[in-house]
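The structure under discussion appears below in the form of C-alpha cells.
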Amino acid sequence: MRAIVRGRVQGVGYRDAAVRQARRLGAMGWVRNEDDGSVLVHAEGLEEAVEGLLAFLREGPRGAGVDEVSVERVKVEGHEQFAVRGVSAGVFVVQEHAATARHFDLRLEVDGAMRSWAVPKGPSMDPAVKRLAVQVEDHAFAHNDFEGPTEGGGVIVWDRGHYEQGGRVAWPEALERGHAVFVLHGEKLSGGFALQRTRPGGKPQWLLIKRRDEQAAPGSDVVAEQPQSVVSGTTLDELLGGD
Ligand code: MN
C-alpha cells in the first residue's frame, strides 16, 4: 500500500518512528518526507505487518499530529528492506581523467570509502545508452577535490554532489549482488541511475544506465554538451594545453 500522511508530521520524528515500527513489524518498503509537508509511505509484505504499520501511521509518535492518512493499494515492488528515501547517503564525484586513455571516474561514497568505476565514454542522461563501467580500487576522500595536471595527463572535476541510495535491496549488499540503484544530485547528473554488473572477476565490468524519470534526457550527450569542470570551468582539453 501507499499512504500519504498529512498533518504535523515533519520535524517531529515521524519518519524515524515509522522506520523503527516497520522494521519491528517486518514490513518492507520506504518512507519519504515530501516537499508539501506530508509523509509518503510505501509498505508491503505480510498483511499483518502492513496493517500494523498503517495503524501506527494513523496515530504517529508522541509530538506528531496526524490529520489524515489516505491509503491506496499499489503493486508489490519486491523490497527487501524498509528504507528512508530522500536523504543523502554520501557524496559522489565524476572526474575526467587523461591517462593512457581518456576516461571518466565515477566515485560513490560507501561506508567511508569512495567506490570507483572507470567509465571510458562517461555517463549519459539518455536511458537508452548503456555505458561500460569497470570497477577499480576504492579511492580516498582526499582525491575527490583533485583537479590539475598529472604526469602524462590531467584530471578535472567534471561533476559532483550527493546521492541517495535507491532500489529494493539495502546497500552495500546491492553492490555486492551486482545491481545497485541510486539517485544523483549533481550539477550535471541528476535523477535515478543503475549500476548492473555484467562480468565479475578481478576487474568487474558493470553497465551504468540512466533510469527513465523526469530528469532523463533522451538523445542528449551530456559529456559532449558540458565538458567543463564544475570547480574551475576549464575543460580537460584546456588543462592539457590543447594537444
Ligand atoms: Mn582514472
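The values are calculated or read from the model by the stated rules, or taken from the named source; none is laboratory data. Note that this is a predicted model, so its numbers are computed, not measured. No Cβ is skipped: glycine too gets one built from the backbone with ideal geometry, and neighbour counts run over all protein chains shown.
Overview of values
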| item | result |
| --- | --- |
| Set Gly192, Gly154, Gly166: member being surrounded by 19 or more Cβ atoms within 10 Å (Cβ to Cβ), among the small types (Gly, Ala, Ser) and within 14 Å of the ligand (Cβ to nearest atom) | Gly154 |
| Residues of region 124-151 that turn out to be crowded, with 18+ Cβ neighbours inside 10 Å, part of a strand (DSSP E or B) and either at positive phi or within 14 Å of the ligand (Cβ to nearest atom) (or both), as a count | 2 |
| Failed criterion for Thr100 (all others in (1) more than 23 Å from Trp171 (Cβ to Cβ); (2) among the β-branched types (Val, Ile, Thr); (3) within 16 Å of the ligand (Cβ to nearest atom); (4) assigned to a strand (DSSP E or B) hold) | (4) |
| Per-region count, region 30-44, residues surrounded by fewer than 18 Cβ atoms within 10 Å (Cβ to Cβ) and farther than 13 Å from Ala3 by Cβ | 3 |
| Output for region 103-122, where each listed residue is without any contact (Cβ under 8 Å) to a residue 60 or more places away in the chain, more than 14 Å from the ligand (Cβ to nearest atom) and either part of a loop (DSSP other than H, G, I, E, B) or not assigned by TED's automatic domain parsing to the domain that holds Leu184 (or both) | Gly112 |
